[in-house]
Structure formats: structure tokens, C-alpha cells
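Heads up, the thing below is written out as C-alpha cells.
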Amino acid sequence: MALGKSGVNLAFSVIVLVLALTAATSIYFHSSRTANQPAVMKRAPDNPLPENHPNIDAVQRLAALDQMSAKDPKNPEFQTHIANLYYDLGQYEKAAEFYRRSLNLRPEEPDAETDLAICLHYLGQDDKALETLDRVLKYSPGFTQALFNKGAILISGKKDIKTGIEVWEELLRTNPDYPQKADLEQRISNLKRSIQ
């Protein structure tokens, strides 16, 4: 049985409370370091954690979600939440892994698959990212985030400004009430001026 958003939040809060002290201690003393990192890391004066130390809250949330996922391995929501946390931490390879796990449990989920595409872009796999977004747009035509991201990847990753503009213009045509319409129109206008 899949938990609702409030159920996940309540369960998460309880687990985080129980694990907070244990996780914080374990993470601090057992965090991995690369060969180039010194054994004793410098600390910023206003930050009690060593430089480059992962956010304790995010690590605690990952631990809690990992436990919930182990108890309910068929729940794609847990995989997606874990992927989102890795994404927020900038760990795109791990995020992509968990988006794939989520999609294996619940195929054709446009939000998760669109986020997977962005991870692929950040990993330098623009062609795979665009293939993924095209797949999303086949089963979810006009999906705004997929259209926006496709345009952005074409422009910034593939340096195909003309096609990127066309995709963004399609987004505006198919979604006339797009919340960031004015901003996107301005971006399109700037890009058109830049290629003249």
C-alpha cells in the first residue's frame, strides 16, 4: 500500500527523530574522503561542519527514506524522493540510478523521467537526455517541464539555439497559461537577437 504525502511525511518525521543522533554521529566519523582530502578538514568560522561535508539534514532524510524503501520496496515514491535528494546534493549519477528504479516500478511517470533526463544532461549525456525527453513527450504531449528542459538542453548542451527556440515556442503555443511565460518570451527574444 502506497502512503499518501502526509503519511510519508509523518513516518519520515518519526524515523528522523529516532535516527538523528545516531546518523549525525555515524556520518561525521565514517564519512568517506578522497585521497586528496586532508584527514582534518578546515572549518568555516560560521559552519560547525567540515568543508564539503554533506548536509546533515539531507543525509538523515536519505537514511530514513532508505529504511522506508527497504520496508516497502515496491513503492516508487520512496525511490523518487531518494533521487530528488541526491539531485539536490548534486550527485547526479546516484539520482539517475534512483529515478530509474522509480521508473522500473512505475513506468511512464513524466516528472521522474524528466528529472532523469536532467541528470543525464548534467552527466554530459545530452543525446540520452534528449531521447528521454522525447519519450516523455510521446506519452505526455505538451508536458511543460519536458518541453522547457528539452529547449534548455538543445541550447546549452547541444548549442542548437534555433531548435531550442522552436521547442520553447511550442511550449508557449501548447501552454498559453504557462506561469513563467513572460520570462520565457524574454529569453527567446534575447536568444533570437544573439543569433542574428
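Taking the stated definitions as given, is residue 105 among the hydrophobic types (A, V, I, L, M, F, W, C) and either modelled with pLDDT of 95 or more or surrounded by fewer than 16 Cβ atoms within 10 Å (Cβ to Cβ) (or both)?
Details: among the hydrophobic types (A, V, I, L, M, F, W, C): yes; either modelled with pLDDT of 95 or more or surrounded by fewer than 16 Cβ atoms within 10 Å (Cβ to Cβ) (or both): yes.
Considered against the rule, which asks whether it is among the hydrophobic types (A, V, I, L, M, F, W, C) and either modelled with pLDDT of 95 or more or surrounded by fewer than 16 Cβ atoms within 10 Å (Cβ to Cβ) (or both), residue 105 comes out as yes.
Tell me, which helices (runs of 4 or more DSSP H) lie completely within region 83-196 with 2 or more residues that are over 19 Å from the mean Cα position of the chain (by Cα)?
Details: elements: 92-105, 110-122, 126-139, 144-152, 161-174, 181-194.
The helices (runs of 4 or more DSSP H) meeting that bar are 126-139, 161-174, 181-194.
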In region 167-187, anything within 17 Å of residue 141 (Cα to Cα) and free of Cβ contacts under 8 Å to residues at least 12 places away in the same chain is listed as 173, 176, 177
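The values are calculated or read from the model by the stated rules, or taken from the named source; none is laboratory data. Fair warning: this is a prediction, and the values are worked out from it, not measured in the lab. Please note: Cβ atoms are built from the backbone with ideal geometry, for glycine as well, and neighbour counts cover all protein chains shown.
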